[in-house]
Amino acid sequence: MRIHLAILRSAAWLVPGEQRAEWLAEWSAELWYVRQRGERQTAGFCLGSFRDAFWLRRNSPPDARPRLRFESPARCLGFLGLAVAACVLFALRFHSPDLCYHSPGLPLPPIWLALLVMLSQAVSGLPALVATTSLRLGEYPANRCGWRWVFFACKIALLLPLVFFGALDLWPIAGPPLRGTCMMVGYVIAFRWALIDQRRRCPECLRLLAHPARIGRITETFLQWYGTELACPKGHGLLHVQETPAISLPTQRWVHLDRSWSGLFL
């Protein structure tokens, strides 16, 4: 009986958190009746719980699925800081202190040489970034973007060492010809994430926007806009994201809401 309950509890980890307790109670209650039919059928019943749990996982609403999100700017920067610290510790643990770039004939200290290599790899990935991602962040009021740029600069400053030391940690896996390419691709992916994350944040509280809603129709894109509207959880404003660039809205636009709208976002 303990083995069967352990199987059900293991399968319960696949169920979304809001439904986990009810799901486990229901399957545990049914287990008492299935045990009367024999040990073989009981084992099949418990193994079938994984299939049911996986189905609930795939068909649960998006909000019910646990996912790694950084709603607040402090949580985002904190996670990046911890990731950088972990990558640096691993790199110093498994590599020499000069980070494999020390050369007796060079006048620069190893740490400055490593910084130059890090910046050169980041710059080499900019053409690929421009070809795959738009660099436009949208239209925002000029007097509400100060902290937004500070937050964006902090993300870039943390992503530079994160990709660099993370690539050093993976160097034993990648061959010598692929090491530079892997680092450049890592910078492209990191900078692309930083731009996409920045476009989906409120310029005032820097929290991730929520409550997406479809607005307009595709036949009205000439004079009106068709796309997605996202709202700040704190009620600071709305973000209009155009599905396709149009005359009325060539890029995403932020609409500020005054305090009279705060009652709708409690």
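Scanning region 184-214 for residues that are on the phi < 0 side of the Ramachandran plot and in a strand (DSSP E or B) gives Arg201, Leu208, Ala210, Pro212, Ala213, Arg214. Close Cβ contacts (under 6 Å, 6 or more residues apart or on different chains) running from residues in region 26-39 that are over 13 Å from Asp52 (Cβ atoms) and basic (Lys, Arg) to residues that are surrounded by 11 or more Cβ atoms within 10 Å (Cβ to Cβ) and at pLDDT 80 or above comprise Arg35/Thr42.
Conditions tested, residue by residue: (1) of a type in the set (S, T, N, Q); (2) at pLDDT 70 or above.
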position: Pro177; (1), (2): no, no
position: Gly186; (1), (2): no, yes
position: Leu195; (1), (2): no, yes
position: Leu209; (1), (2): no, yes
position: Glu243; (1), (2): no, no
position: Ser248; (1), (2): yes, no
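Taken over region 35-90, residues that are under 23 Å from the mean Cα position of the chain (by Cα), hydroxyl-bearing (Ser, Thr, Tyr) and modelled with pLDDT under 85 amount to 1.
Can you find even one residue in region 163-174 that is modelled with pLDDT under 75, assigned to a helix (DSSP H, G or I) and buried (at least 17 other Cβ atoms within 10 Å of the Cβ)? Within region 163-174 (the criterion being modelled with pLDDT under 75, assigned to a helix (DSSP H, G or I) and buried (at least 17 other Cβ atoms within 10 Å of the Cβ)), the answer is yes, since at least one residue qualifies. Leu158 meets all of the listed conditions (1) loosely packed, with under 13 Cβ neighbours inside 10 Å; (2) modelled with pLDDT of 75 or more but one, namely (1).
The values are calculated or read from the model by the stated rules, or taken from the named source; none is laboratory data. All values derive from a computational prediction rather than experimental measurement. For neighbour counting, all protein chains shown are included, and Cβ atoms are generated from backbone atoms with ideal geometry for every residue, glycine included.
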